[in-house]
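For reference, the structure is listed below as structure tokens.
The values are calculated or read from the model by the stated rules, or taken from the named source; none is laboratory data. All figures in this text were calculated on a predicted structure; none of them were measured in a lab. Methodologically, a virtual Cβ is constructed for each residue, glycine included, from the backbone with ideal geometry; neighbour enumeration extends over all protein chains shown. Only protein heavy atoms, including side chains, enter the accessible area calculation; ligands, DNA and RNA are left aside. Shrake-Rupley method; radii C 1.70, N 1.55, O 1.52, S 1.80 Å.
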Amino acid sequence: MTNKEDLLLIFTRNPELGKCKTRLAATIGDPAALEVYRFLLQHTVNITQRLKVSKTVYYSEAIWENDIWPKRTYAKALQKGSDLGERMAQAFRDGFKAGYKRIIIIGSDMYDLSPEDLEKAFDCLKTNDFVLGPANDGGYYLMGMKAFKPALFKDKSWGMSSVLSSSLNDLKDEKVALLEPRNDIDVYEDIKDNAAFATFLKHMTNDETTT
């Protein structure tokens with residue numbers, strides 16, 4: 001049975017050629033980057049679909065009705081706002097307005113994330129007001145809260161290495177739990193030595209051997 005007090009927000013980009021994983025695509029090409037992103041999306045489905053919490057997928061461009069996110073499991077919504085902070089803030093406000101008590105947000109490019117990580121994050125919110133999952137690049141891969149805090153979504157250099165430290169500064173007077181650091185997937189170096197992504201990089205090896 002789904003827990004009606006806990007909500008997981010999943011932010012995703014519509015998987016379209018040339019519009020996702022652009023920093024990764026700069027090295028491996030747009031077609032391969034799209035396949036990597038589709039692989040990561042499916043992984044996100046796999047680790048979230050059985051969680052006993054409510055779940056909403058927030059699309060970047062348009063809501064796709066028939067895709068890998070089954071409507072019986074995931075509510076669907078469109079991101080609204082001029083930058084990532086505004087879009088996340090609106091999603092959290094909508095969740096609290098709907099009556100949820102604990103809300104967590106993740107992206108859809110975290111191969112290192114597991115169902116156990118997400119369960120632990122929700123558990124942390126039972127005894128803490130906020131939870132953060134530090135990313136190795138200085139950002140965060142997960143954020144959760146029990147009450148909306150506007151400062152977390154303002155004056156941030158999204159995508160930069162200062163996001164986590166700036167967010168922790170916003171929370172210096174709050175009760176915060178930190179999860180284990182994890183690596184998100186942004187650039188070639190994030191996947192080049194990971195066997196799970198080898199099939200998406202074969203064309204690069206072939207190119208190297210023929211030159």
Excluding residues on the same chain fewer than 8 positions from K120, give the lysines whose Cα lies under 20 Å from its Cα. K4, K52, K55, K101, K146, K175
Which label marks the calculated value of P(r) over Cα pairs in 10 Å bins from 0, in percent, given the options [x] 8, 34, 37, 16, 4, 1; [y] 7, 26, 25, 24, 16, 4, 0; [z] 8, 36, 40, 15, 1? [x]
Run the numbers on the stretch 116-209 and let me know its relative contact order in percent, using alpha-carbon pairs under 8 Å that are six or more apart. 30 percent
For the chain, what is the relative contact order in percent, using Cα pairs closer than 8 Å and at least 6 residues apart in sequence? 23 percent
On average, how much accessible surface per residue is there in the stretch 3-122, in Å², for a 1.4 Å probe, leaving out ligands, DNA and RNA? 47 Å²
Can you pull the percent of the stretch 1-121's accessible area that's carbon plus sulfur, 1.4 Å probe, other chains left in place? 47 percent
Value at 222 nm in deg cm²/dmol, rounded to 500, when DSSP H runs of n ≥ 4 in the chain each add -39,500 (n - 2.57): -10000 deg cm²/dmol
List the chymotrypsin sites (Phe, Trp or Tyr not before Pro) in the stretch 104-172 that DSSP assigns to loop (not H, G, I, E or B) and whose Cβ has at most 13 other Cβ atoms within 10 Å. Which are they? W158
Straight-line reach check, K154, cutoff 20 Å on alpha carbons, 8 or more apart in-chain or any other chain, hits among aspartates and glutamates -> D83, E86, D94, D129, D137, D170, D173, E174
